[in-house]
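*Asks:* Next up is a structure, given as structure tokens.
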Amino acid sequence: MATGRLGVGETLGALNAALGPGDPVWFKETHARHLRVRDFLAPRRALQARFGEGQVPQRVLHTLTGLQGPGVAPVLRCAQTPAGLLLQLRRPAVFERVLCDVASYATPDKWASPGLRILLHCPALRRSSGALTLSQLRVVLVADHLARALRSEGACVCLVPAVQDPHMSTFLQKLRVDWPTASERVSAETLRSLLFAKFTSAQDQETLPPGVLGRLGLKELVQEHGCRAGYDPNVDKCLVTEDLLSVLAELQEAVRHWPESNYPGLVRAPNFDVHSCMVVHVVSCEEEFQQQKLDLLWWKLDGQAPRRQKHLVCGPVKAALAPGTLTAAEYYELRHAQVCKASALKHGGSLTQDPEWTEILEVLTVATIKFEMLSTAPQGQLLLTESSISTKGTKSGIFVMYNCARLATLFEGYKCNMEKGLYPTFPSVESLDFSLLQDEYPCPLQGEWQLLFNSVLPFPDLLSHTGGLACTGPGLYLSARTETVCKFLVQLSMDFSSYYNRVHVLGEPRPHLFGQMFARLQLLRAVREVLHAGLAMLGLPPLNHI
């Protein structure tokens, strides 16, 4: 049996290379109807641009059918059709390759950013928990998710600021946000001296408002770094306060004295240069202008400030679910009450009085909030509605957690029946016959190939692109695809739920049925591993029951 992890990206790359020079034309199918007859398609129009009349030479078809290479999935057939060039994989072989190496498909495709140092700055965490707005809550959740994604890719991530407000720290723990804390501020004495050295006249001091240490012009820095980068041309004067210097001091300390002890995988190079790290400020659109001033002030006062400072600006959050302005803490309490009510309607009784349900309801609340806040691309506006809490909806965090619990119940059911002697112990994976996972056309589509091809196989590629940042691109602004994991988990849960409702996985205890049962259980074990890995990227624990 061939070894090595298969990859969607590697397979697409090999397919496009086999057609010769030109733009990529192949794409992966995802819809169940198309997956009955094909796994990849090169559309007819794209082929016409490449081959004139669109007729692909026989030698190319022969090459595609025999396609091989690291990470390339084995091909069964390739045929020219009116829709274009379709290609179907040798599915039993793919099932075997993937399901005999489940663990590797729940990790990123590769360490895309080994050793990359990113200082992730979230200014919203300097506020008190009671004053945190919905837009700032979104920023905090995006920053936390981005940190997890970047670390999974091999990047070394330092989080700033360290939270000093104990109430904020408690609120973050409730939200399953992993962020450092500190008991006191970093000293800003060095920066204060640099600030006073920048003053040019006594008049500057005479006209300062109360509480302001100095006024510095930033116009020349805007011109130097260029409006082309994205800095607002209206940035001019900056009134420097003690709080502003404390912010800069903490950023400066984090860059110059990277906390290696917090990141075991980080080895500090003897010739470490602060300019080799990138500072990413994750801010709401309301905080954007002030953060630009802070960037420029840092460069103004500190000649060793990192040259690469980028902004990930999150769009506003509008709430149609309550009158007036809703704080983040009030939003949590509202969603928690709705989750409790929806769960009580489904299971009966007053679950809030049951100690066993306390943590479950908290996890469901956090899942609801995170899927609401993170399922939309962070740059866009987000509207929170009233009636989005339901145990039956298919696009919520509750639905994903419910299916996580169904998977756990399934495997617990197998274990109990095995202990009763109804089922044999699980055989070695290498001995399983994955050709028993038959769902190809014209047989009724059971969804087994769909689960593997749309969920398990592409998951490493998805993880590798979740935290993808344009680190070397020009300009001030970054975009991040932090919505991909939520959308993926929702689709996975919909596919699994549909399959689970149609297929009786734990069949009757008859020896001739055990082979197919074990093959299906191994497939669902892979689905479970991927689901747990995706939830971990959101800081959510798997639930064993609901």
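The values are calculated or read from the model by the stated rules, or taken from the named source; none is laboratory data. All values reported here derive from a predicted model rather than from experimental measurement. No Cβ is skipped: glycine too gets one built from the backbone with ideal geometry, and neighbour counts run over all protein chains shown. Accessible surface areas use protein heavy atoms only, side chains included; no ligands, DNA or RNA. Shrake-Rupley method; radii C 1.70, N 1.55, O 1.52, S 1.80 Å.
*Asks:* Would you calculate, for the chain, the mean residue ellipticity at 222 nm contributed by helices, counting each DSSP H stretch of 4 or more residues as -39,500 (n - 2.57) and dividing by all residues, to the nearest 500?
*Replies:* After summing the helix terms and dividing by residue count, I get -14000 deg cm²/dmol.
*Asks:* For the chain, give the percent of accessible area contributed by carbon and sulfur heavy atoms, probe 1.4 Å, rounded to a whole number.
*Replies:* The computed percentage sits at 53.
*Asks:* Here's something else I'd like to know. Please compute, over every Cα-Cα pair in the stretch 8-89, the percentage with a separation greater than 15 angstrom.
*Replies:* 53
*Asks:* Along the principal axes of its C-alpha atoms, what lengths does the chain span, in descending order and rounded to whole Å?
*Replies:* 92, 68, 47
*Asks:* Next question, about the same structure. Within the chain, what percent of beta bridges assigned by DSSP are antiparallel, to the nearest 5?
*Replies:* 45
*Asks:* Let me ask something additional. Taking the dipole about the Cα centre of the stretch 8-89, with the C-beta of Lys and Arg at +1 and of Asp and Glu at -1, give me whichever of Pro70, Gly84, Phe27 is farthest to the positive side.
*Replies:* Gly84
*Asks:* What are the radius of gyration and Dmax of the stretch 454-532, computed over its Cα atoms and given in Å?
*Replies:* For the stretch 454-532, the Cα-based Rg and Dmax read 18.2, 65 Å.
*Asks:* Given R₀ = 22 Å, FRET efficiency for Ala103-Ser431 by Cβ-Cβ distance, to 0.05?
*Replies:* 0.75
*Asks:* With every protein chain kept in place and ligands, DNA and RNA left out, what is the accessible area per residue of the chain? Probe 1.4 Å, answer in Å².
*Replies:* 45
*Asks:* Using a cut-off of 30 Å between alpha-carbon atoms, which lysines can reach Lys300, once sequence neighbours fewer than 8 places away in the same chain are excluded?
*Replies:* Of all the lysines, those that pass the test against Lys300 - Cα under 30 Å, at least 8 places apart if same chain - are Lys198, Lys219, Lys237, Lys310.
*Asks:* So if we plug the beta-carbon distance of Ser128 and Glu362 into 1/(1 + (r/R0)^6) with R0 = 25 Å, what FRET efficiency do we get, rounded to 0.05?
*Replies:* Result of the calculation: an efficiency of 0.70.
*Asks:* Mind giving me the FRET efficiency for Arg308 and Leu239? R0 is 35 Å, r the Cβ-Cβ distance, nearest 0.05 is fine.
*Replies:* Here the calculated transfer efficiency is 0.85.
*Asks:* Can I ask one more? Measure out, as a whole number of angstrom, how far apart the alpha-carbon centroids of the stretch 1-40 and the stretch 124-142 sit.
*Replies:* 42
*Asks:* If you take every residue apart from Leu175 with its C-beta less than 9 Å away from the C-beta of Leu175, what net charge results, scoring Lys and Arg +1 and Asp and Glu -1?
*Replies:* So the environment of Leu175 carries a net charge of +2.
*Asks:* Measuring from a point 7 Å past the Cα of Ala229 along Cα-to-C-beta, which residues in the stretch 284-303 have an amide N at less than 14 Å?
*Replies:* Taking a point 7 Å out along Cα→Cβ of Ala229, the residues of the stretch 284-303 whose backbone N falls under 14 Å are 291-303.
*Asks:* Hey, another quick one. So what is the relative contact order for the stretch 8-89, in percent, with contacts set as C-alpha pairs under 8 Å and at least six apart?
*Replies:* Value for the stretch 8-89: 32 percent.
*Asks:* By Kyte-Doolittle mean hydropathy of at least 0.5 and Cα axial length of at least 18 Å, which whole DSSP H helices of the chain are selected?
*Replies:* 134-152, 355-374, 511-537
*Asks:* With an 8 Å cut-off on Cα pairs and a minimum separation of 6 or more residues, tell me the relative contact order of the chain in percent.
*Replies:* After rounding, I find 18 percent.
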